[in-house]
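Taking it in order: structure first as structure tokens, then the write-up.
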Amino acid sequence: MIGTLSKPSGLVYSTVIVLLLIAPVVISLMEHSFYLDLLTRILILTIAVVSLNLIVGYGGMISLGHAAYLGIGAYSVGIPSYYEVFNGYIHLGLAIGGSALFALVTGIICLRTRGLYFILITLAFTQMLYYTFVSIEEYGADDGLVIYQRSEFGGLLDIENANTLYYAVLVVLLLSLYLMHRLIHARYGKVLFGSKHNDERMQSLGYNTYQYKLSCYVISGTLCGIAGFFLGNFTNYISPEMMDWTHSGELIFMMVIGGTGAVLGPVLGTATFLFLEEFLSSITVYWHLIFGLLLIALVMFGKGGLHGLLSRMDRRWEKSQ
Amino acid sequence: MDWHLLISQLLNGLQLGLLLFLLASGLSLIFGIMDFINLAHGSFYMVGAFVGATVVSLTGSLIIAVVVTMIAMLILGVLVDILIARKLYGQDHLDQVLVTFGLILVFDTLAHIIWGSAGATIPLPDVLNGQIEIATFVMPTYRLLIIVCGLLVALGSYFLVTRSRLGMLIRAGASNRNMVTALGVNIDRLYLIVFAIGAAMAGFAGLLIAPITEASIGMGNEIIIIAFVVVIVGGIGSVKGAFYGAILIGFIDTLGRSYLDDLLKLFLSNQSAETAAPALSAMLVYILMVVVLVFKPEGLFPPSGFNKK
Amino acid sequence: MMLEVKGLHKQFGGIHASRDINLVVEKHGVHAIIGPNGAGKTTLIAQLSGALKPDAGRLRFDNTDITHMSRHRRAHAGLVRSFQITSIILPMSVLENVMLAVQSTEGHSYRFWAPVSQDAELKEKAMQSLSEVGLGNRADQMAGEISHGEQRQLEIAMALALKPKLLLLDEPMAGMSKEESANMIELLKQLKGETTILLVEHDMDAVFSLADTTSVLVNGHIIATGSTDEIRNNAEVQKAYLGD
Ligand SMILES: Nc1ncnc2c1ncn2[C@@H]1O[C@H](COP(=O)(O)OP(=O)(O)OP(=O)(O)O)[C@@H](O)[C@H]1O
Ligand SMILES: [Mg+2]
């Protein structure tokens, strides 16, 4: 997955992973807990972007509604907590079950459509979910819910502790990256790739591409639901606003910065996005302008995102060897 | 039943529908003809509102504001087409989504820089600020004006599309893109005109609504999604479809907001019903879209000679 | 009998692309379909393979009614098509394209873990199909980077890897050079013994040198079916098709 360590891409990715592993230690020495928060947020959203990358990058299904799963995962923490059920296994189970179910039901319908229709129908379902939560007075409607206590995992894991939460997220992220890596090189991934590029042909070869895509959609939604579970725990707060379509747009943005369809792209993309956001918003209130221009430039001139850039450097490096 | 309420809600629905039409007709043609998903179409709506507000505050004249706004929007439409959109027509949908999402960020921030974060109001002249009484029915004059303007533009675009040469090309392009090229038409210019007119109509809608809601940053980002719903429900590439779709959705949304709570009160506590009703009626619109996509994906009023290719 | 088509109808707006098509394809040998541009040949193939739904009519394949069978099931049942406009997965290597076909014959592909690249058996089977069409030396090149003629061969290799009972070939020689065409004809002659072929082709020499039976499709309707000689001498066919 990382390739030769001495290649430019190998260097960058292995450095990033080492940094992520030791970050809490370094940060606690520096006593800048703010950075740990930022990193935790990056890791959580990276999981979401990994899941998005699976359907867009490998399955060719452009969803503009992926934030729904962040919401489902977060409400799976918030709603039980509201009833003073703090059992983390229940929360996680709800997040996984809820997002898998939502992905299955909406996927069955969405996957009957293509192109613009697919983009808009995924958006429509997320809007429905958004308005559902806005309409429920009991759970705070527009204002959402405060989560006073994080999920409890018996004596096993205390995610009230920021470092523990960080490492828990990191482990899940690394596992999901490894899963993606295996998946895309296995038979399943080849079928997805084939149907992304030529669905007609795949059907004529005897593949029920609808089913493969649907299962992919469900896997992706479920993974993003897990990210949502962490997000709810991390922010200690949930509101329907988390599911606003602009957040789904941001997830796509992060994915593209990293490089659509590259296994490790989401790590670079999400980190770049959130660091830039942090940095630019500290120097100007108009940072969205720079973001917008960056996005436009990225699409028009920067094919392949950061991962694409690294691959080009790799090729140059290989030639020079 | 309160007939006055019903009539006034119907008029509100019509007003919303007509505003949606101004947005959706351009959006629909831009997608139907150029195969371009323009998420930033709502930004034109916002810019129209701000430009209008500025001109009114400088000159005090609503009429000058309309003229200046239209010219400004046409120019903006031309610029966006030439600088950005044109390069993406017929390209990867993901790229279009991203670039136009980027454009939204750019427009929203530019509006923030130019007009500040507070938004801008358009004060109405006394003539328009009053109410009109018809028998026992009272209605704000300005709302009536919006409806009249909307209907006039709808009528205008109907004639443009059905009676002019440009309209003929637009219809041809919407039902079969290759045909227009085959006719030997300067396709870039046709695209440019459609895009600019679309921008102008969206800007006009923003200007019309500004005296009621005021111009604010991001005001286009919610309505654009509803406009997309209209496009799908009406049928991509069809101005007629955009009209009926917009009116239908205008009614569903407004009537849902005002009557759904009564219905819900049968099942829920008063307070819950009042929170739930607007959200559920907003949801109705999306449910309608999903139902249309599943059972009649070409929309309720597809352009004539429609074929899926 | 391999395939039986009864009363097939398909209309696009005002165009009758198939009108009351009745056709029997016997086991073994090559059955050719000829007809002018726009006659409805591709539309027929699309309906046979399940890509298009007929407006009316019934299809029987290998003693089963397949009228309502989905496309991928038909492929598994042994009814396999190739495309007139080359349809391959461009950003994959030539070998990987064929491996996808082989993979399809080996049960479901819900296998998430083992890398395909280390599956020696899968590779070997794919190489066999590639060698059969003479593309063995192109295995590791990207499908998008080989010549047009080679892409047409790849198209056939993918179809062959599915071990078809009936191979539907839609103008396999389209856009090929003389030499490439000649090679393709040789290949098809070899295949003749192994599987039944329904061949749509414009090139008359190819058709007359390969086909055992030929049907003539004009304006969506089959106006004649018979042996090569019968068709060559049929007055109606000459008037409608060969004449111009
Ligand atoms: N999806 C479609 N929508 C509308 N018309 C279609 C469609 N597909 C085919 N047609 C029309 O049906 C008729 C038959 O087309 P078809 O492609 O089957 O002909 P063909 O015999 O394969 O021609 P060629 O020799 O050019 O390949 C043509 O008039 C074509 O324009
Ligand atoms: Mg054909």
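What follows is calculated from the coordinates using simple rules that are stated; it is not laboratory data. Being a predicted model, the structure only gives us computed values, none of them experimental. As a convention, Cβ positions derive from the backbone with ideal geometry for all residues, glycine included, and neighbour counts pool all protein chains shown.
For the reader, a short list of remarks on this structure follows.
- Gaussian network model of chain A, springs between alpha carbon atoms under 10 Å - residue of A:38, A:64, A:129 with greatest fluctuation: A:38
- From phi via Karplus (6.51, -1.76, 1.60), per-residue ³J(HN,Hα) for segment A:65-71 in Hz, x at Gly/Pro: x, 5, 4, 3, 6, 4, x
- In this simple spin-label approximation, residue A:241 and residue A:275 carry label points 7 Å from Cα along the Cα→Cβ vector, and these lie 2.7 nm apart.
- One Cα centroid belongs to segment C:49-124, the other to segment A:196-252; the line between them spans 27 Å.
- Computed label-point distance, nm, for sites residue C:147 and residue B:160 using a 7 Å Cα→Cβ extension: 5.3 nm
- Sorted peptide list for B:247-255, B:55-63, criterion being average Cβ within 10 angstrom, highest first: B:247-255, B:55-63
- Between residue C:236 and residue C:137, full extension at 0.36 nm per residue minus the direct alpha carbon distance yields a gain of 31.0 nm.
- Comparing mean-square fluctuations of B:135, B:196, B:215 from a GNM of chain B with C-alpha springs under 10 Å, the top value falls on B:135.
- Helical mean residue ellipticity (222 nm; -39500 (n - 2.57) per DSSP H run of 4+; nearest 500) of chain B: -26000 deg cm²/dmol
- Taking each residue as 0.36 nm, the span from residue A:19 to residue A:293 lengthens on full extension beyond its C-alpha to C-alpha distance by 95.7 nm.
- Set C:6/C:41; C:125/C:163; C:125/C:178; C:27/C:189 screened for pairs whose C-alpha atoms are more than 19 Å apart: C:125/C:178
- Sorting the segments C:16-26, A:46-56 by their mean number of nearby beta carbons within 10 angstrom, highest to lowest, gives A:46-56, C:16-26.
- For residue A:319, a cut-off of 20 angstrom between C-alpha atoms picks up these lysines, skipping any fewer than 8 places away in its own chain: A:7.
- Across peptide C:85-97, the average count of Cβ atoms from other chains found within 10 Å of a residue's Cβ is 3.
- Two-site label geometry, residue B:296 and residue B:87: point separation in nm, points 7 Å out along Cα→Cβ: 4.0 nm
- Under-5 Å amide H pairs with residue A:152, H placed in peptide plane, nonlocal only: A:87, A:88
- Other protein chain Cβ atoms within 10 Å, averaged over every residue that makes up C:103-114: 6
- Exercise: per-residue mean of other protein chain Cβ atoms within 10 Å, B:85-98: 4
- Partner lysines for residue B:87 [C-alpha distance under 23 Å; skip if fewer than 8 residues away on the same chain]: A:303, B:309
- Between segment A:1-52 and segment B:13-88, the C-alpha centres lie 43 angstrom from each other.
- For chain A, a crude dipole built from +1 on the beta carbon of Lys and Arg and -1 on the beta carbon of Asp and Glu, taken about the Cα centre, is about 1880 debye to the nearest 20.
- By the helix-only formula, in which each DSSP H run with n ≥ 4 contributes -39500 (n - 2.57) and the sum is divided by residues, chain A has a 222 nm mean residue ellipticity of -25000 deg cm²/dmol.
- Karplus-derived 3J(HN,Hα), 6.51/-1.76/1.60, for each residue of segment C:91-105, Hz, glycine and proline x: x, 10, 6, 4, 4, 4, 4, 6, 4, 4, 5, 4, 3, 5, 7
- Chain lengthening between residue C:192 and residue C:177 when straightened (0.36 nm per residue, less Cα-Cα): 3.2 nm
- Straight-line cross-link partners of residue C:53 among the aspartates and glutamates, defined as a Cα under 15 Å from its Cα and at least 8 positions apart when in the same chain: A:200, C:20, C:65.
- From the alpha carbon centroid of segment A:97-139 to that of segment B:126-168 is 36 Å.
- Think of chain A as a dipole: +1 on every Lys or Arg Cβ, -1 on every Asp or Glu Cβ, centred on the Cα centre; then among A:52, A:170, A:40, A:52 lies furthest on the positive end.
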